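First comes the structure, then the notes that go with it.
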Amino acid sequence: MSTAFTPLDGAVVLAYLAGTTTLGVWLGRSQHTARDYFVANHQIPWWAVLFSVVATETSALTFISVPGLAYIGNFTFLHIAAGYIIGRIVVAATLLPRYFEGELVTAYALLERRFGLATRRSASVIFMATRAFADSVRVFATAIPISLILRGTVPPAYVTPAAVLVLGALTAFYTYHGGMRAVVWTDVLQTCVYLVGALSAVYLIGHAVPGGWSAIVARASSAGKLRVIDTSLHLDVPYTLWAGVIGGAFLSMASHGADQLIVQRLLAAHTLADARRALVGSGVAVFLQFALFLLIGVGLDAVYGGRRFATPDAIFPTFILERMPPGLIGLIVAAILAATMSTHSGAINALAAATTHDIYLPLTRRSAEDPAVLRAGRRFTLVWAVVLTGGALLYPQQGTPVVTVALSIASFTYGGLLGGFFLAMWSRRAEQRDAILGMAVGVAAMSIIVFARPLGTIFTSAAPVLSPLGAIAWPWYVLIGTSITLAVGLASSLTHAMPAPIARDVPT
């Protein structure tokens, strides 16, 4: 069966976009301060924060790319998800209590309290650079299914730019007006939409294969696609038990303990207990969600009989176009847009919060309650929206699954950030220069490890990146970067006397 994008599908997508944008603007109608704009005055219920964290991690990468991983491989990607749960438990026990000790808006205010303003700024700039690159890739990923669906009706050269610009403009509009309340509550709606889309795909796949899901499971089992555990010790294999659980735990500790994108959502919860409940619960939810999307990939392998595609990211969108009925195609497209808009809006808001509180406020010495700070925060929201959209337009099309590229980008700087936080917690001797030096060397070393191959081939293969340390798969990046940062920071701290205790007010 072959279908096309019909007027009914268009109506579904337009209704979704209009509804989400309207909801976001309506939610921001009563904001008066930057604190309200960026952390919703800590008034978001834990279950909504949980949904928001899950939606932020999902984006179009999960919806499009993860089924492709199972199509060309198996279920070993779940090792990463298992590591995510462990990492969240560590963050809930160690870093979250420190965030809730003061009225913090950004994660990096904690580093200022321990080391000083320069450390806070350094960590915040690292976050901004990483998030800008990674989320530009996520926005680009949304254009993949849109371009496939609209092929033949719109000149190919215009499809991707148009999809990126429309998505970027609408997301920026409701994020600008609605702030964190809009981000979280639209995340809840968007999570429901993309889960309905995914479950619809499971149903249709079962009906597209003779014998249904029992035949699909039998085929997958005989082909080894249901394999979950890989105990090999090869550092160049990304989804082994060791790389997944250990590397995934460190990646989750960094993304959920040192990345403003997630920490800002947790700070919007009522209490520390609520934030912990949302954080650990989101790990379980993400594990189940990854399993669902991997199951879709196994089903698609049965549907297409192992057919080769130009890129793994094109497999699920092709099924959407060829096998789904009118109306449902529109729902799936809305689900893909929902997944991306949730992450995109959160990234814009987090980047604006970091710019406002870590850079703008220390420079201007204004109070966070000053109405001028709220206006500045909204202006920074627009600036970052333009930056992320522009980055998505410049991203080159290539054959690597987009999820691998995005996680690799985040992983090589996360080690420096997480190492800085660990240094703050574990070393009484370390001071500001030790933390900055450690983070700088950690990020620089990982840049060499990740980008040692010729620039023209950085993103042309899903294979491990060649480096002076040999072939290393991306899940190990955060552990290596964290270890380098800690080692350098601790060694540097031995070059001076034990610093005297410094009493600092908790910054915002």
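The values are calculated or read from the model by the stated rules, or taken from the named source; none is laboratory data. None of the values given here were measured: they were computed from a predicted structure. Here Cβ is always computed from backbone atoms with ideal geometry, including for glycine, and neighbour counts include all displayed protein chains. Protein only, heavy atoms only, side chains kept; ligands, DNA and RNA dropped before computing areas. Shrake-Rupley method; radii C 1.70, N 1.55, O 1.52, S 1.80 Å.
Here are some notes:
- In the stretch 1-47, the residues that are outside any loop (DSSP other than H, G, I, E, B) and open to solvent by 70 Å² or more (accessible area, probe 1.4 Å): Pro7, Leu8, Leu14, Thr22, Trp26, Trp46, Trp47
- Of the residues making up the stretch 303-312, not a single one is within 28 Å of Met128 (Cα to Cα), at pLDDT 90 or above and either of a type in the set (D, E, K, R) or out of contact with any strand residue (DSSP E or B) (no Cβ under 6 Å at 6 or more places or on another chain) (or both).
- Set Ile216, Ile246: member being at pLDDT 90 or above, open to solvent by less than 10 Å² (accessible area, probe 1.4 Å) and out of contact with any Ser or Thr (no Cβ under 7 Å at 6 or more places or on another chain): Ile216
- If you go through the stretch 91-130 and keep only what is of a type in the set (Gly, Ala, Ser) and under 17 Å from Arg276 (Cα atoms), you end up with Ala92, Ala93, Gly102, Ala107.
- Looking only at the stretch 108-129, and only at residues there that are touching a Leu at 6+ places or on another chain (Cβ under 8 Å) and open to solvent by less than 10 Å² (accessible area, probe 1.4 Å), the one that is modelled with the lowest pLDDT: Phe127
- Among (1) open to solvent by less than 20 Å² (accessible area, probe 1.4 Å); (2) within 26 Å of Ala92 (Cβ to Cβ), the one test that Leu195 misses: (1)
- Selection of the stretch 430-443 for residues being open to solvent by 50 Å² or more (accessible area, probe 1.4 Å) and hydrophobic (A, V, I, L, M, F, W, C) yields Ile436, Leu437, Ala440, Val441.
- In the stretch 197-210, the residues that are part of a helix (DSSP H, G or I) reach residues that are open to solvent by 30 Å² or more (accessible area, probe 1.4 Å) and of a type in the set (A, V, I, L, M) with C-beta atoms within less than 8 angstrom, at least six apart or across chains, in these pairs: Gly197/Leu331; Ala198/Leu292; Leu199/Leu292; Ser200/Leu328; Ser200/Leu331; Val202/Leu292; Val202/Leu295; Leu204/Leu328.
- Restricted to the stretch 254-274, and to residues there that are crowded, with 24+ Cβ neighbours inside 10 Å and either modelled with pLDDT of 95 or more or among the β-branched types (Val, Ile, Thr) (or both), the residue that is nearest to Phe77 (Cα to Cα) is Ile262.
- Test: Leu241 is open to solvent by 20 Å² or more (accessible area, probe 1.4 Å) and either farther than 30 Å from Asp9 by Cβ or in contact (Cβ under 8 Å) with a residue 40 or more places away in the chain (or both): yes
- Thr76 vs. criteria touching a Lys or Arg at 6+ places or on another chain (Cβ under 7 Å), in contact (Cβ under 8 Å) with a residue 12 or more places away in the chain and not hydrophobic (A, V, I, L, M, F, W, C): yes
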